[in-house]
Amino acid sequence: MLREIRPAIVLLLALTAITGLAYPLAMTGIAGALFPVQAQGSLIEKDGKVIGSALIGQEFKDDKYFHGRPSATLAPDPNDSTKTVPAPYNAANSGGSNLGPTSKALADRLKEDVDKLRSENPNATVPVDLVTTSASGLDPNISPEAAQFQVPRVAKARNLPEDQVKQLVTASTEGRLLGLLGEPRVNVLALNLALDRMAAK
Amino acid sequence: MTVIGWLQIILYCAIVVALTKPLGWYMTRVFNGERTFLSPVLRPIEAGIYWISGVDEKREQHWLTYTVAMLLFHVGGFLIIYGLMRLQAVLPFNPAGQSAVAEDLSFNTAISFITNTNWQNYGGESTLSYLTQMVGLTHQNFLSAATGIVLAVALIRGFARASMRTVGNFWVDVTRCTLYILLPICVVFTLFLVWQGMPQTLGDYVEATTLEGAKQTIAVGPVASQVAIKMLGTNGGGFFNANAAHPFENPTALSNFVQMLSIFALGAALTNVFGRMVGNQRQGWAILAVMGVLFIAGVAVAYWAEAQGTSTLHALGLTGGNMEGKEVRFGIVASSLFAVITTAASCGAVNAMHDSFTALGGMIPLINIELGEIIVGGVGAGMYGMLLFVILAIFVAGLMVGRTPEYVGKKIEAREVKMAMLAILILPLMILGWSAVAVVLPTGVASMANAGPHGFSEVLYAYSSQTGNNGSAFAGLTGNTPFYNLTGASAMFVGRFLMIVPAMAIAGSLAEKKSIPPSMGTFPTTGGLFVGLVVGVILIMGGLTFFPALALGPIVEQLAMNAGNVF
């Protein structure tokens with residue numbers, strides 16, 4: 001048994017050096033050279049400043065922008081570090097609401113959000129993804145229905161014809177991969193950037 | 001449920017089955033010490049490792065020595081992770097300035113990673129430095145996965161060998177598994193994941209100014225290299241708190257699909273390794289069939305339940321299934337499928353929040369874990385777990401016809417059955433025992449995030465997941481308390497090692513036995529009857545043990561939900 005002690009130390013250190021240092025560092029170098037944009041986090045710049053990542057959702061509250069899904073992410077309370085406060089789309093602390101199917105807190109929150117959306121657009125059915133929080137709190141996407149639902153509000157706030165905004169949503173909708181994998185979706189940040197560009201013309 | 005949804009599920013199963021044979025062929029060559037196409041590159045590194053660590057690769061070990069070597073290896077792994085977490089504030093690669101991690105959380109996390117659990121009482125991006133993530137966690141992702149695989153191989157050798165006192169050399173097996181199987185796949189897999197959008201950088205967290213002018217700090221890091229082994233090694237510990245739901249940890253539908261494949265790939269291939277080593281590949285396919293039956297049943301229930309939605313959603317006229325805690329790019333089907341896969345294997349990565357699943361949809365992951373994660377299972381752990389159930393099933397069949405049971409040419413006698421029972425009884429002891437303690441102590445109850453039966457489900461899930469070395473959670477439970485950190489660590493430790501030691505004892509005892517040729521009276525173990533018998537034994541064992549606890553959690557919650565109750 002004693003002769004197993006040396007490999008337990010040396011072999012462990014050798015494999016740690018290979019898998020814990022050489023491998024991730026080599027991959028960082030190779031990936032950075034092959035896919036520089038993705039390796040840095042798919043960042044989007046506007047006028048030389050980083051405005052976000054194409055993959056990470058951000059909070060939109062203004063009527064003239066399409067809104068993403070509700071986000072349950074938290075941040076430490078500035079007044080008491082043992083507590084947390086809601087901080088939607090906090091990309092340094094991902095997470096979901098973790099409210100279960102029989103949660104009263106969830107039922108109350110859903111009711112409030114559904115009522116608000118119904119008053120905004122009484123003619124359409126409220127899409128479920130627009131009132132439920134995502135798993136990461138950073139979902140960059142909404143369903144095509146959720147985007148179409150917001151067209152009247154956005155068009156009104158921007159004084160644009162609804163048809164034009166609607167077309168933009170359709171053009172921004174991504175389908176399933178090979179018609180099979182994933183779900184149809186709209187990237188909210190990309191859509192809003194396209195909207196800004198259209199409005200600027 | 002939709003046709004497209006089921007097509008995704010069928011495509012997934014088809015690819016897993018298609019990968020089983022070629023991967024099994026390759027893995028068998030690696031563990032038989034034969035040359036592979038990677039030998040010209042890797043053989044010098046392998047020989048160098050043996051030379052500096054004084055390993056004689058020709059010398060094989062008795063099962064007890066093999067097990068002790070494995071345990072020593074883990075003591076070292078524990079010390080590395082614990083040390084890094086406590087000292088990370090003063091070590092390099094810490095651009096976000098993370099401070100030292102508390103003792104109880106470091107202890108829990110170190111146990112969690114050496115046992116292949118990867119339970120997360122920490123939030124990766126808010127707690128750990130890049131150095132801890134790489135040297136502490138990435139390396140242990142490799143080594144705990146390699147350990148699981150080589151233990152399964154040692155047990156398989158026990159079945160395959162006759163009249164031998166040894167089961168292989170732990171150091172050689174673990175080195176070859178890491179170098180020839182895990183690393184090469186991970187290199188390719190990492191690049192694929194970065195191409196799909198996963199970050200791989202040592203740079204600072206990004207400060208962005210959003211379109212509406214708010215500040216957003218975006219956590220990045222060497223994500224892809226860790227995620228590759230996290231999935232392939234069925235570890236499951238996320239780089240980020242939200243794990244595979246985080247857009248950086250699972251950017252696209254394709255990255256999600258390939259990650260799901262990588263969870264099952266090696267575990268399924270081990271059934272083929274088993275078949276090849278015992279000299280009849282149909283023995284391997286029969287075991288994969290047992291796994292397949294249980295898997296499809298679980299997927300069907302979970303997918304149906306999530307597509308149904310909840311009565312809260314129905315009351316508000318919301319259709320389209322239960323999207324609370326799910327991502328739009330995955331939707332209902334890929335989230336339900338992922339949840340079943342990750343708990344069938346002992347992976348524990350999540351791409352949706354299990355805590356927000358419907359009662360029945362969340363019960364399937366719970367059952368998968370409580371059955372011992374033998375549906376493909378953790379790399380290696382699933383295979384040796386399943387072989388324990390096979391031994392029991394064969395024993396039951398032997399009792400029915402009054403013959404000494406035998407399996408792939410080995411007589412199954414009192415010693416093997418006792419050891420198998422011992423290993424299997426560890427699960428309920430830890431899961432039900434600690435859950436019972438937690439729900440009577442105020443400190444245990446205070447951590448529940450949901451009221452009513454769902455709160456109990458959170459606790460039951462926590463101990464099931466940790467005992468089964470899964471690592472997924474009903475994450476509302478506040479697990480980062482001294483009580484949960486310490487009791488959870490004990491569940492993970494016992495759940496891993498007290499299952500391994502009896503399994504290795506069986507390996508040693510089987511290897512010493514003579515091999516007997518099949519006769520007229522031998523129960524055939526490659527047909528439908530055998531598959532049905534093993535499925536039956538698994539469900540009866542699991543049902544009898546865990547049904548009462550499930551009745552108090554998800555089952556009563558489903559009934560309450562149907563009655564329109566909220567808590």
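Just so you know, all these numbers are worked out from the coordinates, no wet-lab data involved. Source: prediction; values computed, not measured. Every residue, glycine among them, receives a Cβ derived from its backbone with ideal geometry; neighbour counts consider all protein chains shown.
Give me A:ARG158, B:ARG415, B:ARG329 ranked fewest to most by other Cβ atoms within 10 Å of their Cβ, as a rough exposure proxy.
Fewest to most other Cβ atoms nearby, the residues stand as B:ARG415, A:ARG158, B:ARG329.
Take the Cα pairs of segment B:74-167, get the Kirkwood Rh, then feed it into Stokes-Einstein at 25 °C and 0.890 mPa s and tell me D in µm²/s.
Using the Kirkwood radius from Cα pairs, D works out to 170 µm²/s.
Explain nothing, just the number: dipole magnitude of segment B:26-136 about its Cα centre with +1 on each Lys and Arg Cβ and -1 on each Asp and Glu Cβ, in debye rounded to the nearest 20.
Around 260 debye, computed over segment B:26-136.
Over 26 Å between C-alpha atoms is what I'm after, so list which of B:LYS230/B:LYS326; A:LYS61/B:LYS230; A:LYS49/A:LYS201; B:LYS21/B:LYS58; A:LYS46/A:LYS111; A:LYS49/A:LYS166 land there.
Those over the limit are A:LYS61/B:LYS230; B:LYS21/B:LYS58; A:LYS46/A:LYS111; A:LYS49/A:LYS166.
With the Cα gyration tensor of segment B:195-255 in hand, give its eigenvalues times 5 under a square root as the equivalent ellipsoid semi-axes, listed largest first in whole angstrom.
They are 24, 12, 10 Å, listed largest first.
Using only the alpha-carbon atoms, what does segment B:1-107 span along each of its principal axes? Please give whole angstrom values in decreasing order.
In descending order, the Cα extents are 52, 49, 32 Å.
What whole number of Å gives the distance from the Cα centroid of segment A:131-168 to the Cα centroid of segment B:183-254?
27 Å
Would you mind getting me the FRET efficiency between A:THR173 and B:THR478? Use the beta-carbon distance for r and R0 = 56 Å, nearest 0.05.
Computed FRET efficiency for A:THR173 and B:THR478 comes out at 0.90.
On each of the three principal axes of the Cα atoms of segment B:245-347, give max minus min coordinate, whole Å, ordered largest first.
Computed over segment B:245-347, the largest-to-smallest principal extents equal 59, 29, 18 Å.
How do B:422-430, B:363-371 rank on mean C-beta neighbours within 10 Å, highest first?
The packing order, highest mean first, is B:363-371, B:422-430.
Give the order of B:LYS513, A:LYS156, A:LYS49 when sorted by the count of other beta carbons within 10 angstrom, beginning with the fewest.
A:LYS49, A:LYS156, B:LYS513
Which number comes out as Rg/Rh for segment A:39-98 once both Rg and the Kirkwood Rh are worked out on C-alpha atoms?
Taking Rh as the inverse mean 1/r over Cα pairs, Rg/Rh reads 1.03.
What fraction of the Cα pairs in segment A:1-112, stated in percent, has a spacing above 21 angstrom?
Here the long-distance tail beyond 21 Å is 66 percent of all Cα pairs in segment A:1-112.
At 0.692 mPa s and 37 °C, plugging the Kirkwood radius over alpha-carbon pairs of segment B:144-286 into Stokes-Einstein gives what diffusion coefficient in µm²/s?
189 µm²/s
If segment B:137-205 were replaced by its equivalent ellipsoid, with semi-axes equal to the square roots of 5 times the Cα gyration tensor eigenvalues, what would those be, largest first, whole Å?
Semi-axis lengths for segment B:137-205 are 35, 12, 8 Å.
Any chance you could get the radius of gyration and Dmax over the Cα atoms of the protein assembly as shown, in Å?
Considering the protein assembly as shown through its Cα atoms, Rg and Dmax are 25.7, 86 Å.
What value does chain B have for Rg/Rh, both radii from Cα atoms and Rh as Kirkwood defines it?
0.96
Tabulate in residue order the Karplus-calculated ³J(HN,Hα) for segment B:334-345, using 6.51 cos²θ - 1.76 cosθ + 1.60 with θ = phi - 60°, rounded to whole Hz; enter x for Gly and Pro.
Values, residue by residue: 6, 6, 5, 4, 4, 4, 6, 4, 5, 9, 5, 7 Hz.
How big is segment B:376-473 by the Kirkwood estimate over distinct Cα pairs, in Å?
With all distinct Cα pairs of segment B:376-473 included, I get 15.7 Å.
Would you tell me the mean number of C-beta atoms belonging to other protein chains that fall within 10 Å of each C-beta in B:50-61, as a whole number?
3
Taking 2.2 N^0.38 Å as the expected size of a compact globular protein, what ratio does the Cα radius of gyration of segment A:122-183 give against it, to two decimals?
1.25
Per 10 Å bin, what percent of the C-alpha pairs of segment A:64-201 does each bin hold, from zero upward?
Pair shares across the bins are 11, 35, 34, 16, 3, 0.
Could you compute the FRET efficiency for B:LEU64 and B:ARG282, with r as their C-beta to C-beta distance and R0 at 51 Å, rounded to 0.05?
Computed FRET efficiency for B:LEU64 and B:ARG282 comes out at 0.95.
How large is ³J(HN,Hα), in whole Hz, for each residue of segment B:394-408 in order, when computed from phi with the Karplus curve 6.51 cos²θ - 1.76 cosθ + 1.60 and θ = phi - 60°, using x for Gly and Pro?
Coupling constants for segment B:394-408: 5, 4, 4, 4, x, 4, 5, 9, x, 10, 5, x, 9, 9, 6 Hz.
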